[in-house]
Structures are given as C-alpha cells and as structure tokens.
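Accompanying notes for the structure given below.
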Amino acid sequence: MTHAGGHTERVRQRTHEGFLRHKGFRWAQIASGLCVVAVGVYFVTAAQLREPPSGGSWLGYLLGTASAGLIVWLACLGIRKRAVSDGHYSLKAWVSAHVYLGLSLIVLATLHTGFQFGWNVHTLAYTLMMLVIASGGFGIWAYSVLPHRLSANRGEVTRKQMLETIASLDAQLQEAAQPLDRSGAAIIRHSIEDTEIGGGFWQRLTGAYDNCANRQAMIRARALPRPKTERDVEALAKVEGLMQQKADALALARRQMRITALLEAWLFVHIPATFALLAALIAHIVSVFAYW
C-alpha cells in the first residue's frame with residue numbers, strides 16, 4: 001500500500017508540475033548547454049582569427065542556420081496546441097522547450113550577428129526577434145501570475161453570477177425609483193440603461209471607467225435637493241445604497257475583465273511580431289544568398 005501511495009503521489013506531482021519546471025528543468029538545461037557550447041566555440045574561433053566571427057563566416061552561417069531553424073520551429077507552437085498527447089512530446093514538454101529554446105536565441109542570434117548592426121533587413125530581423133522574445137517573456141509572467149489573481153478576485157463567484165448580480169440590482173433600482181420625482185427617475189434610468197460593464201479592449205485593459213454611467217448617476221443623486229417627506233428620504237437612501245452595491249459589483253466584474261485582458265494583451269504583440277519576424281527572416285536569408 002505504501003508503494004502504491006508513493007506512486008500516486010509522484011503522479012500527482014507530475015500532473016501539477018508547471019511547464020517551466022517540466023522534467024526537472026530539462027529544457028532549461030538543454031538550452032543552457034547549447035548557449036555555453038555556442039559561446040565557447042565563438043570565442044575559441046575569435047581567438048584564432050584577426051577579427052570576431054561575423055554572420056558571413058562559417059560559424060556565422062552555422063549559428064544563423066540554427067537560429068533560423070529554431071525560429072521556424074518555435075512558430076509552430078500554435079499548430080502543436082491543436083494536437084493533444086502525453087509523454088515526451090506532450091504539450092507541456094513542447095511549451096517548456098518553446099520557452100527555453102526561445103530564450104537561447106538571444107545568445108545564438110546575437111553571436112550570429114558578430115555584434116554588427118546597421119539600418120538593414122538583417123538588423124530588422126534581429127530586432128523583431130527580440131520583440132517576440134520580450135512579448136513571450138511577458139506571456140510567461142502573465143500565465144504564471146494572473147490566473148491566481150483571477151481566482152482570488154472572483155472567489156466563489158462565477159462570471160455569470162457577477163452579471164446576474166448587476167442585472168438584479170438594476171431591477172431593484174427600477175422598483176426603488178418609483179417614488180422619486182422625474183429628475184430622480186431620470187438619474188436612475190441613466191444608471192440602468194447607460195452603464196457599460198466592459199467596453200472596448202483598451203478600456204478593459206486600462207480599467208478606465210471615469211465616465212461610468214452608474215458613477216455619474218451616484219454623483220447626480222447626491223446633488224439632488226433633500227426630499228421633504230420621510231417616504232422620499234427613505235426611497236432616495238435606498239436608491240443610493242443600491243447604486244453603491246452596483247458600483248461594487250461593477251468593480252468586481254471589471255477587475256476580472258482587466259485581468260483577462262492582460263492575459264490576452266501580450267498575444268496582440270507576440271503573434272503579429274512573429275509573422276513579421278518570419279517575413280523579415282525570409283528577406284534576410286534571400287538577401288544573404290543573393291549577395292553571397
């Protein structure tokens with residue numbers, strides 16, 4: 001029984017192992033070893049030459065070929081995600097390799113350039129590659145941190161329940177506003193009909209809701225002349241309380257949407273930059289062989 005329990009525990013640990021730690025950082029070790037070998041060969045070769053190896057040297061072509069092959073392979077992750085498998089070629093292993101081999105390009109491609117840069121397609125390809133790597137780094141941070149924030153923000157409440165809460169408060173506001181005069185009713189109608197929960201992507205990403213209709217309605221409600229009858233005083237107080245509850249519910253939902261937008265934002269840079277990199281890489285290779 002002890003053996004079976006230990007086996008179950010090991011299986012559970014492997015199941016919950018993140019892609020960065022996959023197989024005891026296997027791909028981190030492979031990528032680090034690749035970089036160490038490349039750096040060693042580069043400086044040994046540089047010591048034998050009168051000048052550092054450039055992109056046009058035998059080592060430059062070797063490093064360039066390896067870098068170009070890695071870039072094309074890394075770009076295939078989107079295709080790989082559509083196929084689910086276990087074992088050595090599982091998606092987790094593929095993503096782990098994608099991350100660490102992608103980072104190794106910083107060393108390999110830089111050595112390939114021979115530290116020679118200019119206003120040309122070659123440097124453009126290198127710059128786009130660094131942009132892709134940087135956006136990928138942000139993606140690693142996002143998927144390591146933000147899911148926990150999503151869970152902590154919503155607690156036991158689902159997205160559907162958040163929206164249902166706001167809809168319920170709108171219904172209560174509509175009923176509570178019945179005793180109010182025309183100006184008071186118009187304020188409540190503004191909160192109910194004009195409040196936008198999410199908005200566009202940029203608004204969700206920045207969390208900028210200064211023109212929120214419910215917020216404006218709350219300000220206008222506080223500026224109303226105080227009612228003279230006890231019934232109207234109670235009605236206005238109830239309405240203000242409901243709008244505050246709605247403001248809290250909106251803040252919760254909008255925080256959830258902002259975190260989700262952050263999870264998506266890096267892809268708006270990473271994917272277009274990847275396609276631009278592939279185009280620049282093709283132009284780089286064609287121009288090299290055209291003037292070889």
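The values are calculated or read from the model by the stated rules, or taken from the named source; none is laboratory data. In this text the structure is predicted, and so the values were computed from the model without any measurement. Counting neighbours? That spans all protein chains shown, and the Cβs are built from the backbone with ideal geometry, glycine included.
Can you confirm whether the stretch 125-134 contains a residue that is at pLDDT below 90 and assigned to a helix (DSSP H, G or I)?
So far as the stretch 125-134 goes, no, none of its residues is at pLDDT below 90 and assigned to a helix (DSSP H, G or I).
What pairs come up if the first residue lies in the stretch 138-156 and is over 12 Å from THR260 (Cβ atoms), the second is modelled with pLDDT of 85 or more and part of a helix (DSSP H, G or I), and their beta carbons are under 7 Å apart, counting only those six or more places apart or on different chains?
Once the first residue is over 12 Å from THR260 (Cβ atoms) and sits in the stretch 138-156, its partners that are modelled with pLDDT of 85 or more and part of a helix (DSSP H, G or I) give GLY139/HIS270; ILE140/VAL99.
With a cut-off of at least 1 residues that are at pLDDT 90 or above and either on the phi > 0 side of the Ramachandran plot or not polar (S, T, N, Q) (or both), name the helices (runs of 4 or more DSSP H) lying wholly within the stretch 182-281.
Because the criterion is at least 1 residues that are at pLDDT 90 or above and either on the phi > 0 side of the Ramachandran plot or not polar (S, T, N, Q) (or both), the helices (runs of 4 or more DSSP H) in the stretch 182-281 that meet it are 182-194, 213-222, 230-265.
Looking for whichever is touching a Leu at 6+ places or on another chain (Cβ under 9 Å) and either small (Gly, Ala, Ser) or not assigned by TED's automatic domain parsing to the domain that holds ALA253 (or both) here; the options are ALA185, ALA213, ALA208, ALA221. Which one fits?
So the residue among ALA185, ALA213, ALA208, ALA221 that is touching a Leu at 6+ places or on another chain (Cβ under 9 Å) and either small (Gly, Ala, Ser) or not assigned by TED's automatic domain parsing to the domain that holds ALA253 (or both) is ALA221.
Each row is one residue, and each column tells you yes or no for (1) assigned to a helix (DSSP H, G or I); (2) hydrophobic (A, V, I, L, M, F, W, C).
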site: VAL99; (1), (2): yes, yes
site: GLY102; (1), (2): yes, no
site: LEU111; (1), (2): yes, yes
site: GLY118; (1), (2): no, no
site: SER144; (1), (2): yes, no
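Identify the single condition in (1) surrounded by 12 or more Cβ atoms within 10 Å (Cβ to Cβ); (2) free of Cβ contacts under 8 Å to residues at least 12 places away in the same chain; (3) within 27 Å of LEU263 (Cβ to Cβ); (4) not aliphatic (A, V, I, L, M) that PRO227 does not satisfy, given that it satisfies every other one.
(3)
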